[in-house]
Amino acid sequence: MAMQRHELEGMHQVIEDLDLAGFAVLVGGYLALIGTSGLLVNGILSRISKEPISQRVSKEARDTGFVVGKCENLLILTFMLLDAYTALALVFAAKAIVRREDMSKNSLFFLAGTMINVTYSIMIGLAMKTLIEIV
């Protein structure tokens, strides 16, 4: 899933056009997303299932979900900032391949987790784009 050259140039241009406040929004947004997305996903899934996630899903699946979720966050946020919305489909395709076995065991859990994580990443991306335009 290598980014194409024009997408990398686009990210370089986004960073180059930022002033200090815009750069702070960029770095803060990435850190906030990475730091809070797992808590949000686990909290919502625990509430939906009415039991802790640790009782529904194995530690191995949770650990894999954590790593895949963080990669998903980074890719979605980067694609949002580059206005590369069609590239978001790559995230779904890659995740479906990586998590195929886990999804067959508990599809509702993994589908809900993915949708929560993707929605949250997009919301953070939209907020960041708005803030960057304002500052």
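Only the coordinates and a few stated rules stand behind these numbers; no lab work does. Computed from a predicted structure; not experimentally measured. Cβ sites come from the backbone with ideal geometry, for glycine too, and all protein chains shown count toward neighbours.
Taking a Cβ cut-off of under 13 Å around Leu126, the surrounding Lys, Arg, Asp and Glu residues balance to a net charge of -1, with basic ones at +1 and acidic ones at -1.
Each stretch of four or more DSSP H residues adds -39500 (n - 2.57); spread over every residue of the chain, this sum gives -28000 deg cm²/dmol at 222 nm. Note on the chain: Lys pairs 8 or more places apart or on different chains, Cα atoms under 19 Å apart, count 7. Normalised by the number of residues in the range 21-134, the mean separation of alpha-carbon contacts (under 8 Å, six or more apart) gives a relative contact order of 43 percent.
Residue by residue, the range 38-48 carries 3J(HN,Hα) couplings of x, 4, 5, 4, 4, x, 5, 5, 5, 5, 5 Hz when phi is fed to the Karplus relation 6.51 cos²θ - 1.76 cosθ + 1.60 (θ = phi - 60°); x denotes Gly or Pro.
Here are a few candidate values for Rg and Dmax of the Cα atoms in Å: (1) 14.7, 54; (2) 16.0, 48; (3) 16.4, 57. Which one was actually calculated from the structure I just gave you? Here Rg and Dmax of the Cα atoms in Å agrees with entry (2).
Modelled this way, with points 7 Å down the Cα-to-C-beta line, the labels at Met103 and Lys50 are 2.8 nm from one another.
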